[in-house]
């Protein structure tokens, strides 16, 4: 494996009009008494900030955060944070994405929280994703690699198997000190560069299954068929709502 650098999320600044527009539109999906999954990334941060403002005006919600950073922001905004207990089913999770294909298959994980995002999405009735128009792609893998979270003990084996699939794995490293970046789950991330973008949804699913079959791989950044809808923001404040067909 070659060395790499940590890649920060690039959803746009939280004050970006496109980010603010999708975050505001998503507020309309939250009813009083709702149990909400709170995603990661800047669009999700803007949503959490707006939700906190509503809570301070009397809205009652309980949130489950997909990262420690999101949990801290939610608590600071006045939102009650709960653990994902066995008896807790979420009404909605609002999150971001790094790439969105026309069929609403998405690529996530640049922020390093994809495993928790997967779990929270699976515990929710609905997943709504907030993105700027720059996240729309014709095919997944056009602009960034596919991340996978890996148990540290198995990283050597995983790297070899990933190369055998024709991908180029790069160990994600901390941008400040160059050390391997450890996720909140205590694992490592390999960013897997594709030889070419994925042709379609079938190719994405074949790759996902091949990666998950490697011992030591916990999850991938491929979120296929999970989004109920995607809200796309534009610089002029417009929002394009794209439901799954």
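Values computed for the structure shown
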{"quantity": "Enumeration of residues in the range 91-104 that are in contact with a helix residue (DSSP H, G or I) (Cβ under 7 Å, 6 or more places away or on another chain) and crowded, with 18+ Cβ neighbours inside 10 Å", "calculated": "93, 94, 95, 96, 97, 98, 99, 100"}
{"quantity": "Residue match in the range 208-221 (condition: modelled with pLDDT under 95 and assigned to a loop (DSSP other than H, G, I, E, B))", "calculated": "no"}
{"quantity": "Which listed residue, of 53, 82, 101, is modelled with pLDDT of 95 or more and within 17 Å of the chain's Cα centre (by Cα)", "calculated": "101"}
{"quantity": "Checking residue 110 against (1) part of a loop (DSSP other than H, G, I, E, B); (2) not assigned by TED's automatic domain parsing to the domain that holds residue 29, the condition it does not meet", "calculated": "(2)"}
{"quantity": "Residue that is out of contact with any helix residue (DSSP H, G or I) (no Cβ under 8 Å at 6 or more places or on another chain), in the same structural domain as residue 68 (by TED's automatic domain parsing) and either in contact (Cβ under 8 Å) with a residue 24 or more places away in the chain or within 18 Å of residue 102 (Cβ to Cβ) (or both), where the choices are 172, 229, 238", "calculated": "229"}
{"quantity": "Neighbours by Cβ (under 7 Å, 6+ apart or cross-chain): first from the range 45-66, over 16 Å from residue 96 (Cα atoms) and not assigned by TED's automatic domain parsing to the domain that holds residue 85; second crowded, with 17+ Cβ neighbours inside 10 Å and at pLDDT below 95", "calculated": "none"}
{"quantity": "Extreme residue, nearest to residue 46 (Cα to Cα), among residues of the range 71-93 that are outside any loop (DSSP other than H, G, I, E, B) and in contact with a strand residue (DSSP E or B) (Cβ under 7 Å, 6 or more places away or on another chain)", "calculated": "74"}
{"quantity": "Some residue of the range 3-19 being outside any loop (DSSP other than H, G, I, E, B), farther than 23 Å from residue 236 by Cβ and either modelled with pLDDT under 95 or in the same structural domain as residue 92 (by TED's automatic domain parsing) (or both)", "calculated": "yes"}
{"quantity": "From 139, 143, 110, residue being over 29 Å from residue 34 (Cα atoms), out of contact with any helix residue (DSSP H, G or I) (no Cβ under 8 Å at 6 or more places or on another chain) and at pLDDT below 95", "calculated": "143"}
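The values are calculated or read from the model by the stated rules, or taken from the named source; none is laboratory data. Worth saying up front: this structure is predicted, and the values here are computed from it rather than measured. A quick note on method: Cβ atoms are made from the backbone with ideal geometry, for glycine too, and the neighbour counts reach across all protein chains shown.
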